[in-house]
1. Would you say Phe147 is under 16 Å from Leu85 (Cβ atoms) and at pLDDT 95 or above?
2. Which is touching a helix residue (DSSP H, G or I) at 6+ places or on another chain (Cβ under 7 Å), assigned to a loop (DSSP other than H, G, I, E, B) and either modelled with pLDDT under 95 or of a type in the set (D, E, K, R) (or both), of Arg261, Arg316, Arg299?
3. Return the residue satisfying two criteria in turn: it lies in the stretch 45-67 and is in a helix (DSSP H, G or I) and within 21 Å of Ile348 (Cα to Cα), and of such residues it is nearest to the chain's Cα centre (by Cα).
4. Which is under 30 Å from Leu330 (Cα atoms), among the hydrophobic types (A, V, I, L, M, F, W, C) and in a helix (DSSP H, G or I), of Ala32, Ala40, Ala70?
5. What number of residues within the stretch 225-257 satisfy the criterion of being of a type in the set (D, E, K, R), surrounded by fewer than 16 Cβ atoms within 10 Å (Cβ to Cβ) and outside any loop (DSSP other than H, G, I, E, B)?
6. Which of (1) surrounded by fewer than 23 Cβ atoms within 10 Å (Cβ to Cβ); (2) in contact (Cβ under 8 Å) with a residue 12 or more places away in the chain is the odd one out, the single condition Ala70 does not satisfy?
7. Scan the stretch 111-143 for residues that are under 18 Å from Leu181 (Cβ atoms), buried (at least 21 other Cβ atoms within 10 Å of the Cβ) and hydrophobic (A, V, I, L, M, F, W, C) and jot them down.
8. Sort out which residues of the stretch 284-296 are within 17 Å of the chain's Cα centre (by Cα) and in a loop (DSSP other than H, G, I, E, B), and write them in order of number.
Amino acid sequence: MMKHNILTAIDLFAGAGGLSLAALKSGVAVRAAVENDPHAVETYTQNILPRSASVIEVFAGDIRQMNWRALLKQAQLVPGECDILLGGPPCQGFSTHRIKGAGVGDPRNKLLLSYFESLRIIRPRSFLVENVTGLLWPRHAAHLKAFLKGCRESGYLVFDPIILNARDYGVPQNRKRMFILGLRKDIDAAICWPPEPTHFDPNSDAVRRDDKRAWRTSFEVFSLPLPPGDPNAVHMNHTDELRRVFQSTPRNGGSRLQSNRLLPCHAKHDGHKDVYGRIDPKKPGPTMTTGCVNPSKGRFVHPTANHAITARHAARFQSFPDDFMFSGGLMAAGKQIGNAVPIQLGEIIITAIATSLRATRQSRSMVA
């Protein structure tokens with residue numbers, strides 16, 4: 001690839017580096033990354049930097065305190081030169097798990113507007129925002145409306161928010177997330193958006209089998225042995241009582257309702273029926289959340305063994321390679337994994353954006 005055709009990206013709220021890794025796999029050079037969590041910064045530094053052919057400036061700190069012009073200078077970029085601005089602002093305040101009005105006043109919600117402030121100065125040719133689907137709920141309309149309005153008034157063609165399910169793109173996980181794509185109007189780029197799904201429900205006749213592959217299932221995550229000596233191939237230490245509960249839970253998809261165990265909180269509130277449930281290897285896995293290594297947070301019990309899944313299993317659900325190591329211990333690893341965009345989905349999305357930008361650049365060079 002000619003040097004002038006190499007695209008550049010900046011990754012905000014970079015976390016462990018899911019979108020950065022996807023960008024690198026798409027042939028996009030990441031120039032800078034911003035992340036506030038120290039464990040995620042360590043993970044990013046130890047895993048993403050060695051995979052990059054060019055220098056990535058990592059800024060460990062609060063995005064609200066960033067000097068964006070200084071960041072651009074250190075990344076050897078000028079305003080308007082970055083091709084893709086990536087970012088998934090912390091989403092806990094927007095989560096669909098928040099009951100009734102919970103999360104409306106969460107200060108993390110304002111980080112979406114901090115992303116916009118960076119956009120105004122960096123002036124990328126395109127931007128991509130990822131977040132939970134709860135951001136589309138009416139209770140958060142003010143934040144989303146202000147963000148979209150600001151981007152459009154700043155000269156961007158902003159596509160309406162869409163919801164994509166990772167399972168439809170070859171990720172072995174039922175994971176719905178919202179994406180917002182923006183293209184700077186002056187570059188006049190055309191894109192097929194959203195990317196066409198690559199996989200489909202094998203039990204559905206809606207799509208011919210010879211057109212797309214069937215969904216990948218959880219079986220693929222557990223079919224290979226865990227790497228020997230892998231610090232992330234560990235699970236929670238459970239009490240003997242909880243192990244007996246798991247033992248009484250039917251294998252391959254059994255739920256807590258079948259475990260002969262009823263907690264007082266379950267008697268009062270029978271929601272969240274997936275907690276303490278086993279993963280069904282015949283289906284795409286459950287959404288890997290920040291609590292993905294804790295059975296009390298969802299259907300995160302091993303399909304056949306009497307313990308929770310390991311951090312490595314969770315990382316496989318997110319399509320991280322087995323040589324990608326997460327720092328900070330089990331709980332910190334789970335948080336980083338749950339916050340990430342699945343690598344395979346990110347690669348498909350970023351490739352679509354990069355293809356559009358490269359075509360526009362080539363067309364302009366031919367005219368010139």
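The values are calculated or read from the model by the stated rules, or taken from the named source; none is laboratory data. This one's a predicted model, so the numbers in the text were calculated from it and none came from an experiment. As a convention, Cβ positions derive from the backbone with ideal geometry for all residues, glycine included, and neighbour counts pool all protein chains shown.
1. Taking the combined requirement at face value, the residue does not satisfy it.
2. After ruling out the rest, the residue left standing is Arg261.
3. Pass one, the stretch 45-67, residues in a helix (DSSP H, G or I): 45-47, 49-51, 63-65.
Within this subset, residues satisfying the condition of being within 21 Å of Ile348 (Cα to Cα) are 47, 51.
Numbers: Asn47: 17, Arg51: 19 Å.
Result: Asn47.
4. Numbers: Ala32 fails: in a helix (DSSP H, G or I); Ala70 fails: under 30 Å from Leu330 (Cα atoms).
Criteria check complete, one pass: Ala40.
5. Residues that pass the stated criteria total 4.
6. (2)
7. Passing the criteria: Leu112, Leu119, Ile122, Phe127, Leu128, Val129, Val132, Leu135.
8. Pro284, Pro286, Thr287, Met288, Thr289, Thr290, Gly291, Cys292, Val293
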